[in-house]
Each structure stands twice: as structure tokens, then as C-alpha cells.
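Scroll down for the structure; my scribbles are underneath it.
The values are calculated or read from the model by the stated rules, or taken from the named source; none is laboratory data. Because the structure is predicted, anything quoted here is derived from the model rather than measured. Don't worry about glycine lacking a Cβ; one is built from the backbone with ideal geometry, like all the others, and counts go over all protein chains shown. Note: accessible area is taken over every heavy atom of the protein model, side chains too, but ligands, DNA and RNA are not part of it. Shrake-Rupley method; radii C 1.70, N 1.55, O 1.52, S 1.80 Å.
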Amino acid sequence: RRLYLGGEEYFEKLDRAAARDGDESRPVLVTAEAGLGKSALLSNWLQHWREDHPKPLVFLHHFSASSEATDPVRLIRRLMGEVSAITGEELKPEDDPEKVLEQLPAVLATMSSYAIREERKGLVVLDGLDKVNGHEHLRWFPRTVPEGLKLVVSCSRGSMEETLQPILDWERVELEPFSEARCREFIGTYLSDFRKTLPEELVARILG
């Protein structure tokens, strides 16, 4: 988050999607080619979103954070632990990993009820879903999003995007590559933090 440029237009789209309630509320799917900044966008947007929402309930999971983070069973156990700590309700994961996967709807329902009761915004952000183990079926993935919660998911374009498309009625945010002018701005801004500049020949090589 130390240096982030070019995401303001996407902030506005995510803000609008997260603000919708009732029949207008839809989960958000952020897509882009690999390496175009989906994780950076969500990390910086979340910081901005928290500033406008006092005491929000936010669960953020980066599937690319570690080898363990790619396991959906660990994801659900982690969510269960955080929801238990926040709500005070005891949620115990099953011993059988397959049964843990079946517990996700109940965990989301508990988070939803608490968010509505306490009048707090609830947000679940799953970043890099294409990195998850066993992504070809996603049988554990929620088929509905409970009232009071917003779901934001990111993935690279490809098979995961095709798998997700029919599961929920998505509102889509598609990231595009930087223009040459934005690339030049990024190079100059980054180097200026170190009081450095580059001659045009080297900037052109980076752009190439």
C-alpha cells in the first residue's frame, strides 16, 4: 500500500457495489490478467472503505499468501475462529475436512445475523480464488450471500472465472493494464521516493 496509483476509478465501482442493499445487492467479481494488481487494488480499497465505515466486520483472505492459505478447509476454519471471537458464539469445526466445507453457510449466517443486529457493515473479501486447491469444482463455495454481508472475490481471467460465472449473479469489475502515461507516472513516483531519476533511454527500456 506504500505506493498505489491508478486505482481510483475502481474504488468508485467497488464503493457503489458495496453500498447497494436489498434487491440491488450483488456480489462483486474482480477479474484481470495475472499480475495486473488485483491484490493491490483490494488491499488499498479496503483501507479506504474502512475509513468510511466505523467498526466494520471485515474478513480478508489472500489465497496466495502461503501454501496453507490455498486450502479451503483452512480458510473456513480461520473464518470460523474470527466470527466466534467477534460474535461470542461458539463455532466448532468438524474433525472431518469434508464436513468443515459444509459448515461455511452456517458460519456466514452467524456473521450476517450479528452484522444486522449490531448495525455493522459486513464484508467478506476472497482474493486470488484461482489459487485455491481443488478449484475445478468449488462445491464448498456459497451459492447465496446472506443479508447484511457483502462478498467481493478476485481471480485471474481463465478457468476460475468461467467456473464462478454461473454460481452467483455477479457485479463485475475488470482491471485493465496501465497506459504508457500511467506507467511513466508510476516509474517516476516510485523513484522519487528515493530521490532518484532515470534518463529517457532507461525509462523506455522499462516500458518495453
**Report entry** Verdict on Arg74 being open to solvent by 60 Å² or more (accessible area, probe 1.4 Å), out of contact with any Ser or Thr (no Cβ under 8 Å at 6 or more places or on another chain) and under 14 Å from Trp140 (Cα atoms)
**Finding:** yes
Query - Any pair with Cβ under 7 angstrom, 6 or more apart, that starts in the range 84-99 at a residue that is closer than 19 Å to Val73 by Cβ and ends at one that is open to solvent by 70 Å² or more (accessible area, probe 1.4 Å) and in a loop (DSSP other than H, G, I, E, B) - result: Ser84/Glu90
Requested in this report: Within the range 68-78, identify whether any single residue is over 27 Å from Gly134 (Cα atoms), touching a residue at least 12 places away in the same chain (Cβ under 8 Å) and not in a helix (DSSP H, G or I), and answer yes or no.
Outcome: no
Requested in this report: Return the residue satisfying two criteria in turn: it lies in the range 2-50 and is part of a loop (DSSP other than H, G, I, E, B) and of a type in the set (Lys, Arg), and of such residues it is modelled with the highest pLDDT.
Outcome: Arg26
Requested in this report: Would you check if Gly148 is without any contact (Cβ under 8 Å) to a residue 40 or more places away in the chain, under 30 Å from Pro56 (Cβ atoms) and in contact with a strand residue (DSSP E or B) (Cβ under 7 Å, 6 or more places away or on another chain)?
Outcome: yes
**Report entry** Criterion (aliphatic (A, V, I, L, M) and either over 25 Å from Ala106 (Cα atoms) or open to solvent by less than 50 Å² (accessible area, probe 1.4 Å) (or both)) met by exactly one of Ala40, Ala85
**Finding:** Ala40
Report summary line: A careful count of residues in the range 99-120 that are under 21 Å from Trp45 (Cβ atoms) and either of a type outside the set (Gly, Ala, Ser) or in a strand (DSSP E or B) (or both) gives 2
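One line per residue, one yes/no per condition, for (1) at pLDDT 95 or above; (2) touching a helix residue (DSSP H, G or I) at 6+ places or on another chain (Cβ under 8 Å); (3) surrounded by fewer than 18 Cβ atoms within 10 Å (Cβ to Cβ); (4) over 30 Å from Glu68 (Cα atoms):
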{"residue": "Asp95", "(1), (2), (3), (4)": "no, no, yes, no"}
{"residue": "Ala115", "(1), (2), (3), (4)": "no, no, no, no"}
{"residue": "Glu118", "(1), (2), (3), (4)": "no, no, yes, yes"}
{"residue": "Leu123", "(1), (2), (3), (4)": "no, yes, no, no"}
{"residue": "Asp127", "(1), (2), (3), (4)": "yes, yes, no, no"}
{"residue": "His135", "(1), (2), (3), (4)": "no, yes, no, no"}
{"residue": "Gln165", "(1), (2), (3), (4)": "no, no, yes, no"}
{"residue": "Asp193", "(1), (2), (3), (4)": "no, no, yes, yes"}
Report summary line: Here the residues within the range 43-68 that are open to solvent by 60 Å² or more (accessible area, probe 1.4 Å) and of a type outside the set (A, V, I, L, M) are Gln47, Arg50, Glu51, Asp52, Pro54, Lys55, Ser64, Ser67, Glu68
